[in-house]
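Remarks on the structure that follows.
The values are calculated or read from the model by the stated rules, or taken from the named source; none is laboratory data. Every value quoted in this text rests on a predicted model; they were computed, and no experiment measured them. Reconstructed Cβ throughout: ideal geometry from the backbone, glycine too, with neighbour counts over all protein chains shown.
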């Protein structure tokens with residue numbers, strides 16, 4: 001009779017499984033917290049761009065046009081996507097006296113070859129005045145710091 005009773009009992013679970021699950025859950029929570037911190041912290045150099053925007057409020061129109069068009073599909077502020085980042089564009093043309101005019105023309109007419117085989121499409125729907133505002137904002141973006149980012 002005692003043999004039947006022992007078959008009804010489930011075998012005990014090893015304790016290490018509970019500890020492994022607890023450690024795994026702690027690691028998941030720490031990983032999610034780390035990603036949240038990385039997303040929420042201010043980006044390096046954003047204070048410099050904010051200061052420029054406060055000093056030159058006329059740049060807000062150019063920023064709004066850039067954010068409202070398809071520019072952000074290919075360009076990031078600090079990251080290269082399909083095309084170069086706005087920081088890289090600003091850095092490339094900093095010493096050029098006609099930089100804003102040159103960029104405004106590229107926005108309207110498009111280009112290819114400046115950044116490799118990447119094609120910058122034409123934007124004929126953007127007026128010359130709008131493209132100048134956009135180019136002025138791009139040129140106001142502080143170039144990336146050369147810190148190995």
How many residues, within segment 61-73, are in contact (Cβ under 8 Å) with a residue 40 or more places away in the chain and in a helix (DSSP H, G or I)? 6
Among (1) modelled with pLDDT under 85; (2) under 17 Å from residue 136 (Cα atoms), which single condition is residue 63 missing? (1)
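On the basis of being without any contact (Cβ under 8 Å) to a residue 40 or more places away in the chain, part of a loop (DSSP other than H, G, I, E, B), at negative phi and in contact with a strand residue (DSSP E or B) (Cβ under 9 Å, 6 or more places away or on another chain), does residue 83 make the cut?
Against the criterion (without any contact (Cβ under 8 Å) to a residue 40 or more places away in the chain, part of a loop (DSSP other than H, G, I, E, B), at negative phi and in contact with a strand residue (DSSP E or B) (Cβ under 9 Å, 6 or more places away or on another chain)), residue 83 qualifies.
Can you find even one residue in segment 89-102 that is loosely packed, with under 13 Cβ neighbours inside 10 Å and in a helix (DSSP H, G or I)? Walk me through how you get there before you give the answer.
Just the residues of segment 89-102 that are loosely packed, with under 13 Cβ neighbours inside 10 Å, to begin with: 94-98.
Subset that is in a helix (DSSP H, G or I): none.
Checked segment 89-102: no residue is loosely packed, with under 13 Cβ neighbours inside 10 Å and in a helix (DSSP H, G or I).
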